[in-house]
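Trainee: Quick one: the structure is below, questions incoming.
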Amino acid sequence: MNDASDIRTFESHDGSLAYRDTGSGQPLVLLHAGFMDHTLWDDQIPALARHHRVIAPDARGHGWSSNASGPFRQADDVAALLRHLAVGPAVLVGVSMGANIAVDTALEHPGLVRALVLSGGGTPGPGAPWIEELRAAQFGALGAGDIGGWLDTFARSAAGPHRTPDAVHPDVVRRLREMAGRTIAKHTAAEPDFNVPVTDTRTRAKEISVPVLALNGALDAPDLIGMAEHVAHAVADGRVTAVENTGHFPNMEEPDAFNRTLEEFLHTL
């Protein structure tokens, strides 16, 4: 699925951005988690492309996309891609960082968004102890130059706070490590972080006028589940559900259940 020949690029204001574009019909944009890339969606792209146009970008600084050389917003990159493809409004489906980007795009470029599907993210929330514990482990490993230990933290992330990492299927862990390894290899410890966050999104979530589905892993961290559900509860047409027996990456752990629930939502639009 991650054959480089399938990857397209377009020139943004600051280097090239990579994406996959397959299928036809209602456009869906699949937005991956932090340190990951579009191959996070390998179990969704062929299934969804049977009935939809599926666009799966690599966020700037991730996967096959260029690193930033100056300030940028991920939401603006999504908007630039959709305008480049003359596509929209599109349904944005995001996991973790991708869910945050989806919300940011809906707030900053509402005309390009038809609906949102959010998993394990959406808006920053107050108090996230498990997330901070995991981030501390990640930064500690990177600071010590322990790339192997840093990669191991993604198994913890996938498991969530209610399971041990060995509860996650080894193939899921392998894929997470491969994606994170590709992205971290593009960066150095000394480079600046040019990503500019969209501010006040938690308060502004009520401005979103499109349907929202919070589709979380039932075993994900409550803080992360709450980020997606906050957006669903803030809008007029918000829905909440979960994929049983999955953590932070329900689309990878139980792809059939994730895809089925997503398709059911899409049919209501």
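Please treat every number below as a calculation from the coordinates, not as lab data. This is a predicted model, so every value here is computed, not measured. Every residue, glycine among them, receives a Cβ derived from its backbone with ideal geometry; neighbour counts consider all protein chains shown.
Trainee: Are there any trypsin sites (Lys or Arg not before Pro) in the range 167-211 that are in a DSSP loop and have at most 16 other Cβ atoms within 10 Å? List them by number.
Mentor: Those satisfying the criteria are Lys186.
Trainee: I'd like to know which of Leu85, Val172, Phe10 lies farthest towards the positive end of the charge dipole of the chain, counting +1 on Cβ of Lys and Arg and -1 on Cβ of Asp and Glu.
Mentor: Highest projection toward the positive end goes to Leu85.
Trainee: Want the number for Glu178 to Arg8: 0.36 nm per residue separation, take away the alpha-carbon distance, what's left?
Mentor: Values: separation 170, 0.36 × 170 = 61.20 nm, distance 2.03 nm.
Once the chain is fully extended between Glu178 and Arg8, it gains 59.2 nm.
Trainee: A further question on this structure: Name the residues of the range 162-206 whose amide N is less than 18 Å from a point 7 angstrom out from the Cα of Asp146 along the C-beta direction?
Mentor: Residues 165-166, 177, 181 qualify, since their backbone N sits under 18 Å from the label point.
Trainee: In addition: Evaluate the relative contact order of the chain (contact order divided by residue number), counting alpha-carbon pairs under 8 angstrom at least 6 apart; express in whole percent.
Mentor: Over the chain, the number comes to 19 percent.
Trainee: Follow-up question, since we're still on this one. Ranked by Cβ crowding within 10 angstrom, fewest neighbours first, how are Thr203, Thr261 ordered?
Mentor: Thr203, Thr261
Trainee: Let me know the shape class of the chain, please: from the alpha-carbon gyration tensor, a ≥ b ≥ c as square roots of the eigenvalues, rounded when a/c is under 1.5, otherwise prolate if a/b is greater than b/c, or oblate.
Mentor: rounded
Trainee: Okay, next question. Would you pull out the residues with amide H under 5 Å of Gly160's amide H, same chain only if 5 or more places away, H placed 1.01 Å from N?
Mentor: Correct list: His248.
Trainee: Something else now. Taking 0.36 nm per intervening residue step and subtracting the Cα-Cα distance, what contour gain separates Asn259 from His51 on full extension?
Mentor: Residue separation times 0.36 nm, minus the Cα-Cα distance, leaves 73.7 nm.
Trainee: Report the label-to-label distance for Arg239 and Asp193 in nanometres (one decimal), using points 7 Å from each Cα along the Cα→Cβ vector.
Mentor: If labels sit at Arg239 and Asp193, their model points lie 3.5 nm apart.
Trainee: Given points 7 Å out from each Cα along the Cα-Cβ axis, report the Phe139 to His84 separation in nanometres with one decimal.
Mentor: Rounded to a tenth, the inter-label distance reads 3.2 nm.
Trainee: Still on this model: Where nothing but the Cβ of Lys and Arg (+1) and of Asp and Glu (-1) is charged, how large is the charge dipole of the range 121-261 around its Cα centre, in debye to the nearest 20?
Mentor: It comes to approximately 200 debye.
Trainee: Students often check this: by mean Cβ neighbours within 10 Å, which of 46-52, 235-241 ranks highest, and how do the rest follow?
Mentor: 46-52, 235-241
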